[in-house]
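Worksheet: the structure to be examined is printed underneath.
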Amino acid sequence: MTTEGVLHGPAVVMTDGGITRRGRLVWHGVSTTIDAGRFVAVLGPNGAGKSTFVHALLGEVPLDEGSLRVLGEAPGEARARIGYLPQRRTFAAGAPIRGVDLVGLGLDGDRWGVPLPWSGSRHARRARIDEMIALVDASSYATRSIGDVSGGEQQRLLIAQALVRDPALLLLDEPLDSLDLPSQASIAALLARLSRERGMTIVLVAHDVNPLLGYLDQVVYLGRGHAMSGPPEEVVTSESLTRLYGTPVEVLRASDGRAVVVGQPEPPAVHTDRHGAPAHHHHDHHHAP
């Protein structure tokens, strides 16, 4: 099955994009084209503006510089065709909502602050929900309380919720955060399969590229107010990341040929004011497992 109304052309085109918030430059001169059906990661340290990039695609944060088209329209005009999974939420044990109910909220709950009632029959609604749950391989635990399943299982159900209206573009903000390594790999493989099988464009924000390498078609690396965009084999190299961050970054090859970013791949982000002077630093060290 493929996504209805698959876009034949770029899903996202940003040209010389720039955003300034509270007088401080988040990033500028960002140009990237994301073709339809690609699986893309937006990477960089805390404070680099990764979530801001996603909110720009949603039309919630306007560009101060440059231009942006999303699904062929101005930002915000294509929201009905966008699925969005915000940063990870937690559910208390025994929470009174089942996984199947959570997925259903994506079909007829509030979205973008506006109620979107389901116009089909009750049978069609349940069939649609069950289809999405099966798509993310969550059928065996979907009737359990959302608080009583694992973090990785919760994330699959939340992805099903974001998919239930069959979006052309799926945006996920840090969906791997707080998951163990096997769950990270499992979610990355699921998203790659969804992109490939359904022709869906998927843009995922992540802090660590390593669990994703091998699945991605493209990366957008943010750092020091700038960005690099391209295929992983071109961007995720010692030379490219060292040039972006202005400090040595080492990319090694594992025994199976995979690239592994080691040491301190994501040094503190440097935000600048409008005149290019450093404004503040976010210290955030990460070491590959």
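The values are calculated or read from the model by the stated rules, or taken from the named source; none is laboratory data. No experiment lies behind these values; they were computed from the predicted model shown. Ideal geometry is used to build each Cβ from the backbone, glycine not excepted, and the neighbour counts take in all protein chains shown.
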(message) With the structure loaded, tell me whether Arg79 is of a type outside the set (Gly, Ala, Ser) and under 23 Å from Ala162 (Cβ atoms) or whether it fails that test.
(response) yes
(request) Could you please find all residues in the stretch 238-264 being among the acidic types (Asp, Glu) and assigned to a strand (DSSP E or B)? (result) Glu250
(request) Check every one of the helices (runs of 4 or more DSSP H) wholly within the stretch 93-206 and list those with 1 or more residues that are of a type in the set (S, T, N, Q). (result) 151-163, 181-198
(request) Among the residues of the stretch 205-243, write down those that are touching a His at 6+ places or on another chain (Cβ under 8 Å) and within 21 Å of Arg38 (Cβ to Cβ). (result) His207, Asp208
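So, in the stretch 216-237, how many residues would count as being among the charged types (D, E, K, R) and either part of a loop (DSSP other than H, G, I, E, B) or in contact with a strand residue (DSSP E or B) (Cβ under 6 Å, 6 or more places away or on another chain) (or both)?
Here is the first cut: in the stretch 216-237, the ones among the charged types (D, E, K, R) are 217, 224, 233-234.
Narrowing the set further to residues that are either part of a loop (DSSP other than H, G, I, E, B) or in contact with a strand residue (DSSP E or B) (Cβ under 6 Å, 6 or more places away or on another chain) (or both) leaves 217, 224.
Residues that pass the stated criteria total 2.
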(message) For the stretch 147-167, give me the residue count where each residue is touching a Ser or Thr at 6+ places or on another chain (Cβ under 6 Å) and of a type in the set (A, V, I, L, M, F, W, C).
(response) 0
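Picking from Asp166, Asp173, which residue would you name as being out of contact with any Phe, Trp or Tyr (no Cβ under 7 Å at 6 or more places or on another chain) and surrounded by fewer than 19 Cβ atoms within 10 Å (Cβ to Cβ)?
Asp166
Please indicate, with yes or no, whether at least one residue in the stretch 56-64 is modelled with pLDDT under 90 and farther than 23 Å from Asp137 by Cβ.
Scanning the stretch 56-64, I find no residue that is modelled with pLDDT under 90 and farther than 23 Å from Asp137 by Cβ, so the answer is no.
Let's see how each residue does on (1) under 30 Å from Thr143 (Cβ atoms); (2) surrounded by 16 or more Cβ atoms within 10 Å (Cβ to Cβ):
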site	(1), (2)
Thr20	no, yes
Val42	no, yes
Ser51	no, yes
Ala74	no, no
Gly99	yes, yes
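Give the residues of the stretch 6-48 that are among the hydroxyl-bearing types (Ser, Thr, Tyr) and farther than 24 Å from Gln87 by Cβ, sorted by residue number.
Passing the criteria: Thr15, Ser31, Thr33.
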